[in-house]
(Lines give C-alpha, C1' and ligand atoms only; values in the text may rest on other atoms or scores of the structure.)
Protein backbone atom coordinates (compact mmCIF):
# COMPACT_ATOMS: atom_id res chain seq x y z
CA UNK A 1 0.00 0.00 0.00
CA UNK A 2 1.42 3.38 -1.01
CA UNK A 3 0.68 6.56 0.90
CA UNK A 4 -0.30 9.87 -0.67
CA UNK A 5 1.76 12.68 0.84
CA UNK A 6 0.28 16.18 0.26
CA UNK A 7 2.87 18.73 -0.76
CA UNK A 8 2.92 22.48 -1.32
CA UNK A 9 4.27 23.60 -4.71
CA UNK A 10 5.98 26.86 -3.82
CA UNK A 11 7.49 27.20 -7.29
CA UNK A 12 4.04 27.36 -8.87
CA UNK A 13 2.32 29.36 -6.16
CA UNK A 14 4.95 32.09 -6.38
CA UNK A 15 5.91 31.68 -10.05
CA UNK A 16 6.20 35.47 -10.72
CA UNK A 17 8.91 35.70 -8.06
CA UNK A 18 10.30 32.18 -8.34
CA UNK A 19 13.79 33.53 -9.00
CA UNK A 20 13.85 35.15 -5.55
CA UNK A 21 15.37 32.36 -3.49
CA UNK A 22 15.37 34.30 -0.23
CA UNK A 23 11.62 34.86 -0.54
CA UNK A 24 10.80 31.22 -1.36
CA UNK A 25 12.96 29.84 1.41
CA UNK A 26 11.53 32.44 3.79
CA UNK A 27 8.07 31.13 2.97
CA UNK A 28 9.19 27.70 4.18
CA UNK A 29 9.44 29.17 7.66
CA UNK A 30 5.72 29.94 7.38
CA UNK A 31 4.75 26.67 5.72
CA UNK A 32 6.38 24.56 8.42
CA UNK A 33 3.74 25.80 10.85
CA UNK A 34 1.02 24.14 8.75
CA UNK A 35 0.78 20.51 9.78
CA UNK A 36 -1.08 19.39 6.64
CA UNK A 37 1.90 19.30 4.28
CA UNK A 38 4.29 16.38 4.13
CA UNK A 39 6.33 17.60 1.18
CA UNK A 40 7.61 20.77 -0.45
CA UNK A 41 8.26 21.56 -4.12
CA UNK A 42 10.79 24.18 -5.13
CA UNK A 43 13.02 25.21 -7.99
CA UNK A 44 16.65 24.18 -7.61
CA UNK A 45 18.08 26.26 -4.76
CA UNK A 46 21.62 27.52 -5.43
CA UNK A 47 22.71 29.80 -2.60
CA UNK A 48 24.60 27.96 0.15
CA UNK A 49 22.73 29.65 2.98
CA UNK A 50 19.37 28.84 1.44
CA UNK A 51 20.40 25.25 0.72
CA UNK A 52 21.22 24.83 4.40
CA UNK A 53 17.85 26.31 5.42
CA UNK A 54 15.91 23.97 3.13
CA UNK A 55 17.82 20.98 4.46
CA UNK A 56 17.26 22.04 8.08
CA UNK A 57 13.52 22.59 7.68
CA UNK A 58 13.09 19.38 5.70
CA UNK A 59 14.77 17.44 8.51
CA UNK A 60 12.76 19.19 11.22
CA UNK A 61 9.46 18.42 9.48
CA UNK A 62 10.44 15.16 7.75
CA UNK A 63 9.47 16.74 4.43
CA UNK A 64 9.91 15.01 1.11
CA UNK A 65 11.70 17.66 -0.97
CA UNK A 66 11.14 17.93 -4.71
CA UNK A 67 13.23 20.35 -6.73
CA UNK A 68 12.16 21.10 -10.29
CA UNK A 69 15.22 21.48 -12.52
CA UNK A 70 13.12 21.96 -15.65
CA UNK A 71 12.70 25.77 -15.49
CA UNK A 72 16.41 26.38 -15.00
CA UNK A 73 17.48 23.94 -17.72
CA UNK A 74 15.04 25.43 -20.20
CA UNK A 75 15.90 29.03 -19.26
CA UNK A 76 19.56 28.38 -20.01
CA UNK A 77 18.76 27.01 -23.47
CA UNK A 78 19.72 23.41 -22.71
CA UNK A 79 17.89 20.47 -24.23
CA UNK A 80 18.27 16.87 -23.07
CA UNK A 81 16.72 15.49 -26.27
CA UNK A 82 18.65 17.64 -28.72
CA UNK A 83 20.06 15.85 -31.75
CA UNK A 84 22.93 18.33 -31.67
CA UNK A 85 25.62 16.26 -29.93
CA UNK A 86 27.48 19.25 -28.51
CA UNK A 87 24.37 20.93 -27.09
CA UNK A 88 23.10 17.69 -25.59
CA UNK A 89 26.47 16.98 -24.00
CA UNK A 90 26.43 20.39 -22.31
CA UNK A 91 22.81 19.85 -21.27
CA UNK A 92 23.58 16.51 -19.63
CA UNK A 93 26.62 17.99 -17.92
CA UNK A 94 24.57 20.81 -16.47
CA UNK A 95 21.82 18.44 -15.31
CA UNK A 96 24.44 16.33 -13.52
CA UNK A 97 25.72 19.46 -11.76
CA UNK A 98 22.16 20.15 -10.59
CA UNK A 99 21.94 16.66 -9.05
CA UNK A 100 24.80 17.52 -6.70
CA UNK A 101 23.29 20.88 -5.76
CA UNK A 102 19.86 19.35 -5.16
CA UNK A 103 21.31 16.56 -3.01
CA UNK A 104 22.93 19.14 -0.72
CA UNK A 105 19.45 20.43 0.13
CA UNK A 106 18.25 16.96 1.09
CA UNK A 107 16.19 16.64 -2.08
CA UNK A 108 14.44 13.33 -2.69
CA UNK A 109 13.13 13.99 -6.21
CA UNK A 110 14.47 16.10 -9.09
CA UNK A 111 12.12 16.84 -11.98
CA UNK A 112 13.67 16.94 -15.46
CA UNK A 113 12.29 18.18 -18.80
CA UNK A 114 12.15 16.17 -22.01
CA UNK A 115 12.82 19.08 -24.37
CA UNK A 116 10.86 20.66 -27.21
CA UNK A 117 9.10 18.40 -29.68
CA UNK A 118 11.09 18.58 -32.95
CA UNK A 119 8.21 17.41 -35.16
CA UNK A 120 7.31 14.15 -36.83
CA UNK A 121 10.51 13.70 -38.86
CA UNK A 122 12.95 14.02 -35.96
CA UNK A 123 10.83 12.79 -33.05
CA UNK A 124 12.14 9.24 -32.87
CA UNK A 125 15.74 10.44 -33.08
CA UNK A 126 15.05 12.91 -30.28
CA UNK A 127 13.53 10.19 -28.11
CA UNK A 128 16.66 8.07 -28.54
CA UNK A 129 18.77 11.08 -27.58
CA UNK A 130 16.63 11.68 -24.49
CA UNK A 131 16.92 8.03 -23.50
CA UNK A 132 20.70 8.28 -23.58
CA UNK A 133 20.67 11.58 -21.65
CA UNK A 134 18.42 10.18 -18.94
CA UNK A 135 20.57 7.08 -18.56
CA UNK A 136 23.67 9.21 -18.03
CA UNK A 137 21.92 11.47 -15.52
CA UNK A 138 20.41 8.47 -13.76
CA UNK A 139 23.83 6.94 -13.29
CA UNK A 140 25.18 10.19 -11.86
CA UNK A 141 22.21 10.50 -9.48
CA UNK A 142 23.03 7.11 -7.95
CA UNK A 143 25.95 8.78 -6.19
CA UNK A 144 23.47 10.52 -3.87
CA UNK A 145 21.60 8.34 -1.43
CA UNK A 146 17.82 8.61 -1.71
CA UNK A 147 17.82 10.84 -4.81
CA UNK A 148 15.26 9.98 -7.50
CA UNK A 149 14.33 11.53 -10.84
CA UNK A 150 11.02 12.25 -12.53
CA UNK A 151 9.76 13.03 -16.00
CA UNK A 152 6.55 15.04 -16.23
CA UNK A 153 4.82 14.49 -19.60
CA UNK A 154 3.51 17.79 -20.98
CA UNK A 155 1.22 18.57 -23.89
CA UNK A 156 2.81 18.16 -27.31
CA UNK A 157 0.47 20.12 -29.55
CA UNK A 158 -1.27 22.90 -27.59
CA UNK A 159 0.92 25.02 -25.33
CA UNK A 160 4.15 23.60 -23.86
CA UNK A 161 4.76 21.44 -26.97
CA UNK A 162 7.25 19.07 -25.39
CA UNK A 163 8.69 15.86 -26.82
CA UNK A 164 7.21 13.52 -24.22
CA UNK A 165 3.49 14.16 -24.22
CA UNK A 166 0.88 11.51 -25.22
CA UNK A 167 0.71 9.24 -22.20
CA UNK A 168 0.42 5.85 -23.92
CA UNK A 169 3.46 6.68 -26.03
CA UNK A 170 5.28 7.91 -22.94
CA UNK A 171 4.41 4.79 -20.93
CA UNK A 172 5.71 2.47 -23.64
CA UNK A 173 8.98 4.43 -23.92
CA UNK A 174 9.33 4.81 -20.16
CA UNK A 175 8.81 1.13 -19.50
CA UNK A 176 12.05 0.41 -21.37
CA UNK A 177 13.87 3.26 -19.63
CA UNK A 178 12.75 2.03 -16.20
CA UNK A 179 14.52 -1.29 -16.71
CA UNK A 180 17.82 0.53 -17.14
CA UNK A 181 17.15 3.44 -14.77
CA UNK A 182 15.19 2.21 -11.73
CA UNK A 183 15.61 5.58 -9.99
CA UNK A 184 13.44 7.28 -12.67
CA UNK A 185 9.68 7.77 -12.29
CA UNK A 186 6.79 9.58 -13.95
CA UNK A 187 5.08 12.66 -12.56
CA UNK A 188 1.45 12.85 -13.73
CA UNK A 189 -0.43 16.15 -14.15
CA UNK A 190 -4.15 16.34 -14.91
CA UNK A 191 -3.91 19.60 -16.88
CA UNK A 192 -1.32 18.28 -19.30
CA UNK A 193 -3.33 15.13 -19.87
CA UNK A 194 -6.57 17.04 -20.48
CA UNK A 195 -4.84 19.19 -23.08
CA UNK A 196 -3.71 15.98 -24.78
CA UNK A 197 -7.38 15.07 -25.24
CA UNK A 198 -7.30 11.86 -23.21
CA UNK A 199 -9.65 10.87 -20.40
CA UNK A 200 -8.01 11.49 -17.03
CA UNK A 201 -8.72 8.03 -15.63
CA UNK A 202 -7.40 6.35 -18.78
CA UNK A 203 -4.28 8.48 -18.61
CA UNK A 204 -3.78 7.86 -14.90
CA UNK A 205 -4.03 4.10 -15.37
CA UNK A 206 -1.41 4.21 -18.12
CA UNK A 207 1.02 6.19 -15.97
CA UNK A 208 0.38 4.38 -12.67
CA UNK A 209 2.98 1.57 -12.99
CA UNK A 210 5.76 4.17 -13.15
CA UNK A 211 4.26 7.04 -11.17
CA UNK A 212 5.78 8.62 -8.07
CA UNK A 213 3.90 11.94 -7.91
CA UNK A 214 0.87 13.67 -9.33
CA UNK A 215 -0.63 17.15 -9.57
CA UNK A 216 -4.36 17.83 -9.78
CA UNK A 217 -4.28 20.97 -11.92
CA UNK A 218 -6.78 22.93 -13.96
CA UNK A 219 -6.59 24.18 -17.51
CA UNK A 220 -8.79 25.53 -20.29
CA UNK A 221 -9.35 23.05 -23.12
CA UNK A 222 -11.57 25.26 -25.32
CA UNK A 223 -9.43 26.57 -28.23
CA UNK A 224 -11.45 29.78 -28.59
CA UNK A 225 -10.90 30.76 -24.95
CA UNK A 226 -8.21 33.41 -24.31
CA UNK A 227 -6.62 31.19 -21.63
CA UNK A 228 -6.56 28.05 -23.74
CA UNK A 229 -3.56 26.04 -22.60
CA UNK A 230 -1.65 25.21 -19.44
CA UNK A 231 -1.85 28.41 -17.40
CA UNK A 232 -2.45 26.76 -14.00
CA UNK A 233 -5.98 28.10 -13.68
CA UNK A 234 -7.96 28.20 -10.45
CA UNK A 235 -10.67 25.59 -9.97
CA UNK A 236 -14.07 26.34 -11.43
CA UNK A 237 -15.65 27.08 -14.80
CA UNK A 238 -14.80 27.11 -17.64
CA UNK A 239 -12.00 24.78 -16.73
CA UNK A 240 -11.76 21.00 -16.58
CA UNK A 241 -12.04 20.79 -12.79
CA UNK A 242 -15.23 22.29 -11.42
CA UNK A 243 -15.96 23.26 -7.84
CA UNK A 244 -17.34 20.15 -6.15
CA UNK A 245 -15.47 17.62 -8.33
CA UNK A 246 -13.12 16.84 -5.47
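The values are calculated or read from the model by the stated rules, or taken from the named source; none is laboratory data. Note that the structure is a prediction, hence the values are computed from the model and not measured. Every residue, glycine among them, receives a Cβ derived from its backbone with ideal geometry; neighbour counts consider all protein chains shown.
Tell me, which residue of the stretch 60-77 that is over 18 Å from residue 110 (Cβ atoms) and surrounded by fewer than 16 Cβ atoms within 10 Å (Cβ to Cβ) is farthest from the chain's Cα centre (by Cα)?
60
What number of residues in the stretch 84-133 are in a loop (DSSP other than H, G, I, E, B) and surrounded by 14 or more Cβ atoms within 10 Å (Cβ to Cβ)? Lay out the reasoning, then the answer.
Keep residues of the stretch 84-133 that are in a loop (DSSP other than H, G, I, E, B), which gives 84, 105-108, 113-115, 117-122.
If we keep only those that are surrounded by 14 or more Cβ atoms within 10 Å (Cβ to Cβ) too, we end up with 105-108, 113-115, 117-118, 122.
Qualifying residue count for the region: 10.
Go through (1) more than 20 Å from the chain's Cα centre (by Cα); (2) under 24 Å from residue 143 (Cα atoms); (3) touching a residue at least 24 places away in the same chain (Cβ under 8 Å) and name the single condition residue 83 misses.
(2)
Within the stretch 181-204, take every residue that is more than 18 Å from residue 110 (Cβ to Cβ) and surrounded by fewer than 18 Cβ atoms within 10 Å (Cβ to Cβ) and give me the one that is nearest to the chain's Cα centre (by Cα).
We begin by selecting, within the stretch 181-204, every residue more than 18 Å from residue 110 (Cβ to Cβ); these are 190-204.
From what is left, the residues that are surrounded by fewer than 18 Cβ atoms within 10 Å (Cβ to Cβ) are 197-202, 204.
On the way: 197: 20, 198: 20, 199: 21, 200: 18, 201: 20, 202: 20, 204: 16 Å.
Out of the qualifying residues, it is 204.
I'd like to verify a number: residues in the stretch 228-246 that are at negative phi and either loosely packed, with under 13 Cβ neighbours inside 10 Å or modelled with pLDDT of 95 or more (or both), how many? Outline the logic, then answer.
Quick first cut of the stretch 228-246, residues at negative phi only: 228, 230-231, 233-235, 237-243, 245-246.
If we keep only those that are either loosely packed, with under 13 Cβ neighbours inside 10 Å or modelled with pLDDT of 95 or more (or both) as well, we get 234, 237-238, 242-243, 245-246.
Selection size over the stretch 228-246: 7.
Only one of these conditions is not met by residue 24: (1) within 17 Å of residue 68 (Cα to Cα); (2) modelled with pLDDT under 95; (3) in a helix (DSSP H, G or I). Which number is it?
(2)
Applying the selection to the stretch 42-54, what residues are in contact with a helix residue (DSSP H, G or I) (Cβ under 7 Å, 6 or more places away or on another chain) and either more than 15 Å from residue 110 (Cβ to Cβ) or buried (at least 18 other Cβ atoms within 10 Å of the Cβ) (or both)?
Within the stretch 42-54, 42, 43, 44, 45, 47, 50, 51, 53, 54 meet the criteria.
Residue by residue through the stretch 45-62, note down the ones that are over 19 Å from residue 23 (Cα atoms) and touching a strand residue (DSSP E or B) at 6+ places or on another chain (Cβ under 9 Å). Show your work before the answer.
Pass one, the stretch 45-62, residues over 19 Å from residue 23 (Cα atoms): 59-62.
61 - this is the single residue of the stretch 45-62 that is over 19 Å from residue 23 (Cα atoms) and touching a strand residue (DSSP E or B) at 6+ places or on another chain (Cβ under 9 Å).
Being part of a loop (DSSP other than H, G, I, E, B), farther than 20 Å from residue 183 by Cα and without any contact (Cβ under 8 Å) to a residue 12 or more places away in the chain is the requirement here; does residue 77 meet it?
yes
Any idea which of 34, 57 is in a loop (DSSP other than H, G, I, E, B) and more than 21 Å from the chain's Cα centre (by Cα)? Give the steps one after another, and end with the answer.
Details: 57 fails: in a loop (DSSP other than H, G, I, E, B).
The match here is 34.
What number of residues within the stretch 1-20 satisfy the criterion of being touching a strand residue (DSSP E or B) at 6+ places or on another chain (Cβ under 9 Å) and surrounded by fewer than 10 Cβ atoms within 10 Å (Cβ to Cβ)?
Selection size over the stretch 1-20: 2.
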